[in-house]
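Have a look at the structure below, then the notes.
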Amino acid sequence: MISDYFFPQPAGGVESHIYQLSTKLIDRGHKVIIITHQYEGRTGVRYLTNGLKVYHVPFFVIYRETTMPTVFSFFPIFRNIVIREQIQIVHGHASLSSFCIEGILHARTMGLRTVFTDHSLFGFADAASILTNKLLKFCLSDVDHVICVSHTCKENTVLRASLDPLMVSVIPNAVVAENFQPLSYTPHSNYRVPGVPPDRRAVPPQIGPDDTITIVVISRLFYNKGTDLLIAAIPRILASHRNVRFVIAGSGPKAIDLEQMLERNVLQDKVEMLGSVRHEEVRDVMVRGQIYLHPSLTEAFGTVIVEAASCGLYVVCTRVGGIPEVLPQHMTTFAKPEEDDIVIATGKAIAALRSNKVRTDRFHDQVKMMYSWTDVAERTERVYKGICGDISQEEFYGRYYGQAWKASEDRVRSFALIDRLKRYYGCGVWAGKLFCLCVVIDYLIYVVLEMWFPRAKIDIARSWPKKLHSSGDKRFSISSRGHDRQNSGSSHH
Amino acid sequence: MPNRLLVRRPSPTTVSFTVSNASKRSTPSAKLLLVLQVICRILLFTCVLLVGFARLRHSLYGDEAFNLHWNAIWSSRIGAIACRIADTYNLAGIALVSALVIYGVFRRGHTEESLLVIRGLGIQTSTSSTSYLSKAATRFIPTTQIQDIVIHEAFKGFEVRFYLAVIVEGESDVVVVFPKLLPKRQILEEVWRGSRHCLYEAKS
């Protein structure tokens, strides 16, 4: 796993995705390490729960926790880590992370299989997007497989990087449902009890017409998260509905605008701002409300709405990106990403709750059935096996009888430099040549490194022992018992 | 030069681990080379001294200083060459070259680092200095202050290296054992096992 974004930075979807996926892959018998850049007071090598090893590489951070894109300077240390940990598959996360893009380039130079997971959507029009898309194309023209978190995201990525759609898999995010339980949740087993229809269960507390309904908003307050829409919609919603309160958690550059709006309209007693909350506290904030409002302008998946639904909240969200795929119809009300529609949709949601038509108490069990990290890990593992050749081509990509099979040969990406150059050359008139130059330089650096720091001289790190005996001294077990070494690299054979 | 580990157990409660990157010199030719090297160093050093004295022959001392017949020396062939060098080149040049030669003569070609563990007393780490003139840097940590001895990894230059460290009570930084050589994991594990065994295990 390689990405710029990892804990201890305040958790977003990417960080928890990487962490949960890694943990589950370790449970399935793989060895996983995470490479990320340094954070304040956190440099070097760290072990997390279950022997998940994190390398915080000392590099500069320039913007929103992204490192300086220095194409080649990361290579020596990357090569060292890859060799000492005996890595076979490099899995990069998040397209804006320069670590990820560089890591994939270097991994291909070193002859490793690569997977890329895209967590975000991008436009096609403005200058920044064009640049990012070019970079993505550079990175993805030689990657073995791409994973997207939703079908919309897949479409977007395929278009941006002109990929073969068969090379892109969709594996959604998941939530740890146990961490997002509604306030009054008792794990019932009504599916196992025969003869008792589910409706016989205790009827959930009804919401009367005059009861207060709390709307929760948890998001980082950035432009792309739709904070402007929120600012415009809040006074109108509060004006048209009595007994409605807002709880807003999160921080960001738009927090000031939000506060100004509250002061202008004197809504401080109806809107509570909590500032940024830690990921563990999100559930406690969520259960305070009945409706979750998600005004995001662009979202590849939106883990937070799954978490909200899992907490038993009715979800009002914008119909953008991958959001419509995430939750079934009965859990959500959709709105267009515009002020009027959000106000209308929220009104509808409030009305639906007041008439007690929505069984929010069942959301938790339903979400638990739909999203689990174990499932995500299984599907990711299948991708790993597919690119390593453990699963046959036909099975992995699906058999298409009508199609001439020779078209698929391109899917197995050979490591020969000339083949890689051909792929990069197709990226564009100027970009293609530039990318080729980068690849050639990268290859030369690799050759120099092989001579300068010979492979044989690099110490192989010991794997975390598979079965931990009692609770013993943690450090003791790192270095004294690393006998099972057959599980080297990310993949298990 | 690969690092070598030398373990000495002078008594059951004492172990000394020495890691060195010096070559072994087991073959006769290697031993001969060492002797030649030593002779070369001595000769170079005397040359520097001689030129130095030649430079100062008029000013500092009389003819009979140090019970030597200086006139006899200066009139010999080597003495004459030394005098010529001392007189033709300027002082700064001579001083610079002599300093460089002396540095080269006393420079240690290898590094030697050791860890001495004495049960009930503590451990002492030492790192040999770069020259033969200064002493090795040592650090003693009493048993009461040792919290633990661990092997960990860290970034060093373009690499990730293993290191053996002693966690000392009341200090924010750990004390790294073998900080210059940073030997391989295999050596570290042996040292780690041996030192822990000596420090703790025999007690229980």
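For (1) under 22 Å from residue A:103 (Cβ atoms); (2) at pLDDT below 85; (3) over 32 Å from the mean Cα position of the chain (by Cα), each residue gets a yes or a no:
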position	(1), (2), (3)
A:437	yes, no, no
A:446	yes, no, no
A:449	yes, no, yes
A:458	yes, yes, yes
A:465	no, yes, no
A:477	no, yes, no
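Here residue B:200 fulfils each of the conditions (1) within 10 Å of chain A (Cβ to nearest Cβ); (2) open to solvent by 10 Å² or more (accessible area, probe 1.4 Å); (3) not basic (Lys, Arg) apart from (1).
Residues of the range A:424-437 that are outside any loop (DSSP other than H, G, I, E, B) and open to solvent by 40 Å² or more (accessible area, probe 1.4 Å): A:425, A:429, A:430, A:433, A:434, A:437. Scanning the range B:88-126 for residues that are within 28 Å of residue B:189 (Cβ to Cβ), surrounded by 18 or more Cβ atoms within 10 Å (Cβ to Cβ) and touching a Lys or Arg at 6+ places or on another chain (Cβ under 8 Å) yields a total of 5.
In the set (1) away from every other protein chain (no Cβ under 14 Å); (2) buried (at least 19 other Cβ atoms within 10 Å of the Cβ), residue B:151 fails one condition alone, (1).
Each residue in the range A:63-95 was checked for being part of a loop (DSSP other than H, G, I, E, B), at pLDDT below 85 and surrounded by fewer than 20 Cβ atoms within 10 Å (Cβ to Cβ), and 8 pass. Just one residue in the set B:81, B:85 is assigned to a helix (DSSP H, G or I), open to solvent by less than 80 Å² (accessible area, probe 1.4 Å) and β-branched (Val, Ile, Thr); that residue is B:85.
Scanning the range A:23-48 for residues that are under 20 Å from residue B:150 (Cβ atoms) and either part of a strand (DSSP E or B) or among the hydroxyl-bearing types (Ser, Thr, Tyr) (or both) yields A:33, A:42, A:43, A:44, A:45, A:46, A:47, A:48. Take the conditions surrounded by 13 or more Cβ atoms within 10 Å (Cβ to Cβ), assigned to a helix (DSSP H, G or I) and modelled with pLDDT under 80 and apply them to residue B:73. Does it pass? The answer is yes for residue B:73.
Residues of the range B:130-139 include none that is out of contact with any Lys or Arg (no Cβ under 6 Å at 6 or more places or on another chain) and buried (at least 18 other Cβ atoms within 10 Å of the Cβ). I need a count of the residues in the range A:437-463 that are among the acidic types (Asp, Glu) and within 12 Å of chain B (Cβ to nearest Cβ). Result for the range A:437-463: 1.
In summary, residue A:325 fulfils each of the numbered conditions (1) part of a loop (DSSP other than H, G, I, E, B); (2) in contact with a helix residue (DSSP H, G or I) (Cβ under 9 Å, 6 or more places away or on another chain); (3) open to solvent by 50 Å² or more (accessible area, probe 1.4 Å) with the single exception of condition (1). Summed over the range A:258-284, residues that are without any contact (Cβ under 8 Å) to a residue 12 or more places away in the chain, under 24 Å from residue A:178 (Cα atoms) and not acidic (Asp, Glu) total 0. Counting residues in the range B:128-138 that are assigned to a helix (DSSP H, G or I), out of contact with any Asp or Glu (no Cβ under 9 Å at 6 or more places or on another chain), more than 11 Å from every other protein chain (Cβ to nearest Cβ) and small (Gly, Ala, Ser) gives zero. Within the range B:103-111, one or more residues are aliphatic (A, V, I, L, M), more than 14 Å from chain A (Cβ to nearest Cβ) and over 26 Å from residue B:200 (Cβ atoms). Selection over the range B:6-42 of residues that are part of a loop (DSSP other than H, G, I, E, B), open to solvent by 90 Å² or more (accessible area, probe 1.4 Å) and farther than 30 Å from residue B:192 by Cβ gives a count of 0.
Might you check whether a residue that is β-branched (Val, Ile, Thr), modelled with pLDDT of 85 or more and either under 25 Å from the mean Cα position of the chain (by Cα) or open to solvent by 60 Å² or more (accessible area, probe 1.4 Å) (or both) occurs anywhere in the range A:290-303? Looking for residues that are β-branched (Val, Ile, Thr), modelled with pLDDT of 85 or more and either under 25 Å from the mean Cα position of the chain (by Cα) or open to solvent by 60 Å² or more (accessible area, probe 1.4 Å) (or both), one finds at least one in the range A:290-303, hence yes. Can you pull out every residue in the range A:228-272 that is among the basic types (Lys, Arg), open to solvent by less than 90 Å² (accessible area, probe 1.4 Å) and under 17 Å from residue A:295 (Cα atoms)? Within the range A:228-272, A:245, A:254 qualify.
Return a yes/no flag: does the range B:166-184 have any residue that is modelled with pLDDT of 85 or more, part of a strand (DSSP E or B), within 11 Å of chain A (Cβ to nearest Cβ) and over 23 Å from residue A:76 (Cα atoms). Yes, the range B:166-184 contains at least one residue that is modelled with pLDDT of 85 or more, part of a strand (DSSP E or B), within 11 Å of chain A (Cβ to nearest Cβ) and over 23 Å from residue A:76 (Cα atoms).
I'd like the full set of residues that are surrounded by 17 or more Cβ atoms within 10 Å (Cβ to Cβ) and either modelled with pLDDT under 80 or within 11 Å of chain B (Cβ to nearest Cβ) (or both), limited to the range A:36-50. Break it down into steps so the answer makes sense when it comes.
Taking the range A:36-50 and keeping what is surrounded by 17 or more Cβ atoms within 10 Å (Cβ to Cβ), we get A:36-38, A:45.
Scanning the range A:36-50 gives A:38, A:45.
Scanning the range B:167-183 for residues that are under 19 Å from residue B:128 (Cβ atoms) and open to solvent by 10 Å² or more (accessible area, probe 1.4 Å) turns up B:175, B:176, B:179, B:180, B:181, B:182. Scanning the range A:400-420 for any residue that is at pLDDT 80 or above, open to solvent by 40 Å² or more (accessible area, probe 1.4 Å) and among the basic types (Lys, Arg) turns up nothing. Restricted to the range A:328-341, and to residues there that are assigned to a helix (DSSP H, G or I) and under 26 Å from the mean Cα position of the chain (by Cα), the residue that is surrounded by the most Cβ atoms within 10 Å (Cβ to Cβ) is A:331.
The values are calculated or read from the model by the stated rules, or taken from the named source; none is laboratory data. In this text the structure is predicted, and so the values were computed from the model without any measurement. Every residue, glycine as well, gets a Cβ built from its backbone with ideal geometry; the counts of neighbours run over all protein chains shown. We work out accessible area using only protein heavy atoms, side chains counted, and drop any ligands, DNA or RNA first. Shrake-Rupley method; radii C 1.70, N 1.55, O 1.52, S 1.80 Å.
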